[in-house]
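The structure under discussion appears below in the form of structure tokens.
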Amino acid sequence: MNQTDTIRILQEADIRPSYQRNLILKVLRGTDRHPTAEELLEMVNQASEIAISRATLYNTLQLFVDKGIIVQVDSRLHEAHYEPNVTFHPHFICSECKRIFDIQGDLPIASIPAGFKVHSHTLNINGICRECSSKKV
Ligand SMILES: [Zn+2]
Ligand SMILES: [Zn+2]
């Protein structure tokens with residue numbers, strides 16, 4: 001993921017590319033960890049030459065979600081997690097470490113009644129990841 005890609009994504013979504021916005025998007029696209037805002041704040045500030053405030057980060061995440069270039073993962077965990085992959089994919093959520101993993105596969109067959117309009121869909125599989133289950137033995 002290079003600089004031009006993130007700038008292009010911002011411009012196509014009608015977002016003025018600033019140093020902060022570009023960096024936040026770049027950091028988020030560079031991880032598959034589905035970070036919370038607080039985790040992302042730490043990651044962004046490690047990568048940044050200038051300090052990025054919590055308020056800037058939260059406002060930027062909200063803007064990105066509103067513009068549809070990132071999604072807030074519907075995980076039922078108490079903190080919101082964010083990811084840049086806006087296409088549908090199932091998640092596996094570990095109840096021990098609370099990490100969210102991307103799962104390959106298709107949407108389960110569901111028949112939506114005629115006249116119903118789908119706005120979004122989400123598929124969460126809850127369980128314990130490999131790492132956590134090996135710790136339990
Ligand atoms: Zn785990
Ligand atoms: Zn995901």
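The values are calculated or read from the model by the stated rules, or taken from the named source; none is laboratory data. Nothing here was measured: the structure is a model prediction, and the numbers come from that model. Ideal geometry is used to build each Cβ from the backbone, glycine not excepted, and the neighbour counts take in all protein chains shown. Side chains are part of the model used for accessible areas, which takes the heavy atoms of the whole protein and leaves out ligands, DNA and RNA. Shrake-Rupley method; radii C 1.70, N 1.55, O 1.52, S 1.80 Å.
What per residue convex hull volume, in Å³, comes out for region 74-137 when only alpha-carbon positions are used? The partial results should precede the final answer.
Numbers: hull volume 7.5 nm³, N = 64.
Once divided by residue count, the hull of region 74-137 is 116 Å³.
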Task: Cα-only radius of gyration and Dmax that characterise the chain, units Å - done: 16.7, 53
Task: Per residue value of the accessible surface for the chain (all protein chains in place, 1.4 Å probe), Å² - done: 66 Å²
TODO: Kindly rank 37-48, 19-30, 110-121 from highest to lowest mean number of other beta carbons found within 10 Å of each residue.
DONE: 19-30, 37-48, 110-121
- [ ] Hey, can you grab everything whose amide H is under 5 Å from the amide H of Ile70? Only 5+ residues off in sequence or another chain; H modelled, so Pro and N-termini drop out.
- [x] Val65
TODO: Report, in deg cm²/dmol and to the nearest 500, the calculated mean residue ellipticity at 222 nm for the chain, where each DSSP H run with n ≥ 4 adds -39500 (n - 2.57) and the sum is divided by the residue count.
DONE: -11500 deg cm²/dmol
Open item on the list: Given contacts defined as C-alpha pairs under 8 Å and at least six residues apart, what's the relative contact order of the chain, whole-number percent?
Closed with: 20 percent
- [ ] Identify all aspartates and glutamates with a Cα-Cα distance to Lys67 below 15 Å; exclude those on the same chain that are fewer than 8 residues away in sequence.
- [x] Glu12, Asp14, Glu83
Task: Furthest towards positive pole of dipole, Pro17, His81, Val65, structure part region 3-83, Cβ charges - done: Pro17
